Amino acid sequence: MVWVSAGVVFLVWWWRARVNAESFGGTAAQRRPRGWVVGG
């Protein structure tokens, strides 16, 4: 149960980091779409 919740928290944190990176550098600064955050 702890591993699953930690994984979910990590993915949410990673997703928000990606959104913040887009806001600072624009979508052109990212090579892959947002779905790769979860897929990767």
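Derivation of every value follows stated rules applied to the coordinates shown; laboratory data play no part. Treat the numbers as computed from the prediction; the structure is a model and nothing was measured.
Structure data summary
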{"item": "Intensity falloff of the chain expressed as log10 I(q)/I(0), Debye formula with alpha-carbon point scatterers, at q = 0.13, 0.15, 0.30 Å⁻¹", "result": "-0.30, -0.39, -0.99"}
{"item": "Principal-axis tilt of helix 2-25 within the chain, Cα atoms, nearest 10 degrees", "result": "10 degrees"}
